Amino acid sequence: MVATLWSCSSVSGVYDKVYIENRLGPNNTLTVHCKSKDNDLGEHNVDFNQSYDWGFNETPRTLFWCHIWWYDHHHLVWVNKDMFNLRMRFLGCINDGIGQYRCVRRAQWDGIYASQWNRSFTKTYDWIRE
């Protein structure tokens, strides 16, 4: 499942793309609902080993936050956090060398992980379990 969002107002001219990956395991669907101040990207179901992504021209004030949830044995597991801002781009995205940053956020059983410049992943957020 892929959705792309284009923004016409760009100060920096840098193109970014955020990926939300489901690495929860077979038969675990991740639901993702992301927004910025100006754009509601809607709700998307992401199957195991799949991802949801969107791209945009980043400005110094670009911020996307996401409500992400899934069910662990009928118990709601969720997080509502920033998935992209300028600080996160420098700490949690990979520069492809041609002006595009790939920002991968990986959902695993114990939390959300962010890609790092050296292509490793660091745990960024813990899940809230109900």
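Where a number appears in this text, it was derived from the coordinates with a stated rule and is not lab data. If you're wondering where the values come from, they're calculated on a predicted model, not measured in any experiment.
Under 5 Å between amide hydrogens, which residues at least 5 positions from Tyr19 or on another chain qualify, with H placed 1.01 Å from N in the peptide plane?
Under 5 Å from the amide H of Tyr19: Cys103, Val104, Arg105.
Restricting to region 14-129, what percent of DSSP beta bridges are antiparallel, rounded to 5?
85 percent
Going out from 0 in 5 Å bins, what whole percent of all Cα-Cα distances in region 14-129 drops into each bin?
Whole-percent P(r) values from 0 Å outward: 2, 12, 24, 25, 19, 11, 4, 1, 0.
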